[in-house]
Amino acid sequence: MYQIIDGKRISQEIKDELKEKVTALKEQGRTFALAVIQVGDDPASSVYVGNKKKACAYIGIESLSYELPEETTQEELLKLVQELNGNSAVGGILVQLPLPEHIDEEKVLLAISPEKDVDGFHPVNVGNLSIGRPGFVSCTPAGVIQLLKRSGIAIEGKECVVLGRSNIVGKPMAMLLLRENGTVTVCHSRTRNLREITRRADILVVAVGKPKFVDASYVKEGAVVIDVGIHRNENNRLCGDVDFDSVAPHTSAITPVPGGVGPMTIAMLMHNCVEKTLQ
């Protein structure tokens, strides 16, 4: 029988631990404010921003909300980021993606000070991760590592395959697994003999962005499967990159969608905020 890795439970565990730390920090007079910027009123972005604000309130840190109209110019947004960079009361800056088409996302993300980049997207933080120096780590891959560790799944010495090479998930995921002494292969859309490679994996992390792409034919018996994807199917129900019903019986442990990796992203964002306060 396979283990379902419960991201809701583990994320709550992490937030409860962080809440205790924040209480202790406040007693020492140390506080943190997270500035959250949203441009436009994309419904999905509004939900994500709302969840981040709730998480801040739960663990006891202040969230500063900047809800800007769709027609906000790139110059106006960059000016706000620079003001927040210079505001000593603001410890972290988060710009909710996607941004409207007339704004260059890369330019905006690069404008955020690496010391306030709690999303872990800035090249300085990515570089620190790649050479093993301290810095903010992209929240979703960091959450996957916590899911594995807190579920009693050893990474060291395991053959790990990451399906997907995005800058936000695939690449940092591979580096974090290497940091934990896994043996890592990264696959992508140009990989030949894909099933042959994924079927070697003791731990398979799927972040390919295609609904139910991975079925049982991609998975070794007894593997651990982590599904990073989230989509809505033809019935408007949430599903992942993995065909759960087909794959789960062949695994030793698997994350569901929803309730697996998703809740961990915000938990690790809160972790980054608290780590910043501790510095």
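The values are calculated or read from the model by the stated rules, or taken from the named source; none is laboratory data. Here the structure is a predicted model, which means the values were calculated and not measured. Backbone-built Cβ (ideal geometry, glycine too); neighbour counts: all protein chains shown.
Does segment 231-247 include one or more residues that are over 19 Å from A44 (Cβ atoms), outside the structural domain of G50 (by TED's automatic domain parsing) and either under 17 Å from the mean Cα position of the chain (by Cα) or of a type in the set (F, W, Y) (or both)? If you could, list the steps in order and put the result at the bottom.
Here is the first cut: in segment 231-247, the residues over 19 Å from A44 (Cβ atoms) are 242-247.
Right, trim to outside the structural domain of G50 (by TED's automatic domain parsing) and you get 242-247.
Now narrow it down to the ones that are either under 17 Å from the mean Cα position of the chain (by Cα) or of a type in the set (F, W, Y) (or both): 244.
Yes.
Could you tell me whether any residue of segment 152-165 is under 29 Å from E13 (Cβ atoms), in contact (Cβ under 8 Å) with a residue 24 or more places away in the chain and loosely packed, with under 15 Cβ neighbours inside 10 Å?
As a first pass, look at segment 152-165 and keep what is under 29 Å from E13 (Cβ atoms): 152-164.
Those still in the list that are in contact (Cβ under 8 Å) with a residue 24 or more places away in the chain too: 153, 155-164.
Keeping just the survivors that are loosely packed, with under 15 Cβ neighbours inside 10 Å gives 156-157.
Yes, that holds for at least one residue.
Which number in (1) under 19 Å from S113 (Cβ atoms); (2) at pLDDT 95 or above; (3) surrounded by 12 or more Cβ atoms within 10 Å (Cβ to Cβ) marks the one condition that T72 misses?
Going through the list (1) under 19 Å from S113 (Cβ atoms); (2) at pLDDT 95 or above; (3) surrounded by 12 or more Cβ atoms within 10 Å (Cβ to Cβ), T72 breaks only (1).
Here is a check on your reading of the model: is Y58 farther than 26 Å from Q12 by Cβ, surrounded by fewer than 23 Cβ atoms within 10 Å (Cβ to Cβ) and not assigned by TED's automatic domain parsing to the domain that holds I230? Walk me through how you get there before you give the answer.
On the way: farther than 26 Å from Q12 by Cβ: no; surrounded by fewer than 23 Cβ atoms within 10 Å (Cβ to Cβ): yes; not assigned by TED's automatic domain parsing to the domain that holds I230: yes.
No, not satisfied.
Being exposed (fewer than 15 other Cβ atoms within 10 Å of the Cβ) and of a type outside the set (G, A, S) is the filter; apply it to segment 79-99 and report the residue that is farthest from L25 (Cα to Cα). Steps first, answer last, please.
Keep residues of segment 79-99 that are exposed (fewer than 15 other Cβ atoms within 10 Å of the Cβ), which gives 79, 82-83, 86-89, 98.
Cutting the leftovers down to of a type outside the set (G, A, S) gives us 79, 82-83, 87, 98.
Working: K79: 31, Q82: 27, E83: 26, N87: 20, P98: 33 Å.
Taking the candidates together, the pick is P98.
In segment 170-207, what count of residues is obtained for those that are outside any loop (DSSP other than H, G, I, E, B), touching a helix residue (DSSP H, G or I) at 6+ places or on another chain (Cβ under 7 Å) and closer than 24 Å to P98 by Cβ?
Qualifying residue count for the region: 3.
Does S88 qualify as being outside any loop (DSSP other than H, G, I, E, B) and polar (S, T, N, Q)? Spell out how you get there, then give the answer.
Working: outside any loop (DSSP other than H, G, I, E, B): no; polar (S, T, N, Q): yes.
When the stated conditions are applied, S88 does not pass them.
Just to be sure before I move on: is N167 within 20 Å of P256 (Cα to Cα) and in a loop (DSSP other than H, G, I, E, B) in the structure I sent?
Details: within 20 Å of P256 (Cα to Cα): no; in a loop (DSSP other than H, G, I, E, B): yes.
Considered against the rule, which asks whether it is within 20 Å of P256 (Cα to Cα) and in a loop (DSSP other than H, G, I, E, B), N167 comes out as no.
Take segment 31-46 and flag every residue that is of a type outside the set (A, V, I, L, M, F, W, C) and under 18 Å from Y58 (Cβ atoms).
Initially, segment 31-46 is screened for residues of a type outside the set (A, V, I, L, M, F, W, C), giving 31, 38, 40-43, 45-46.
Within segment 31-46, T31 is the sole residue that qualifies.
Can you find, within segment 238-257, the residue that is surrounded by the most Cβ atoms within 10 Å (Cβ to Cβ) among those that are touching a residue at least 60 places away in the same chain (Cβ under 8 Å) and not in a helix (DSSP H, G or I)?
Among residues in segment 238-257 that are touching a residue at least 60 places away in the same chain (Cβ under 8 Å) and not in a helix (DSSP H, G or I), the one surrounded by the most Cβ atoms within 10 Å (Cβ to Cβ) is T255.
Restricted to segment 100-123, and to residues that are touching a Ser or Thr at 6+ places or on another chain (Cβ under 9 Å) and crowded, with 16+ Cβ neighbours inside 10 Å, which residue is farthest from I266 (Cα to Cα)? Walk me through how you get there before you give the answer.
Let us first name the residues in segment 100-123 that are touching a Ser or Thr at 6+ places or on another chain (Cβ under 9 Å), namely 100, 102-103, 119-122.
Remaining after also requiring crowded, with 16+ Cβ neighbours inside 10 Å: 100, 103, 119-122.
Numbers: P100: 23, I103: 25, D119: 10, G120: 13, F121: 15, H122: 18 Å.
So, considering only residues that are touching a Ser or Thr at 6+ places or on another chain (Cβ under 9 Å) and crowded, with 16+ Cβ neighbours inside 10 Å, the one farthest from I266 (Cα to Cα) is I103.
Looking only at segment 1-32, filter to residues that are under 20 Å from the mean Cα position of the chain (by Cα) and not in a helix (DSSP H, G or I); which one of those is surrounded by the fewest Cβ atoms within 10 Å (Cβ to Cβ)?
Checking each candidate, the answer is I4.
If you check every pair at least six apart or on different chains, which have Cβ atoms under 6 Å apart with a residue in segment 20-38 that is farther than 25 Å from E67 by Cβ and in contact (Cβ under 8 Å) with a residue 24 or more places away in the chain first and a residue that is surrounded by fewer than 17 Cβ atoms within 10 Å (Cβ to Cβ) and of a type in the set (A, V, I, L, M) second?
none
Taking G260 as the residue in question, decide whether it is under 18 Å from L176 (Cβ atoms) and crowded, with 24+ Cβ neighbours inside 10 Å.
On the way: under 18 Å from L176 (Cβ atoms): yes; crowded, with 24+ Cβ neighbours inside 10 Å: yes.
Considered against the rule, which asks whether it is under 18 Å from L176 (Cβ atoms) and crowded, with 24+ Cβ neighbours inside 10 Å, G260 comes out as yes.
Return the residue satisfying two criteria in turn: it lies in segment 208-234 and is part of a loop (DSSP other than H, G, I, E, B) and acidic (D, E), and of such residues it is surrounded by the fewest Cβ atoms within 10 Å (Cβ to Cβ).
The selected residue is E234.
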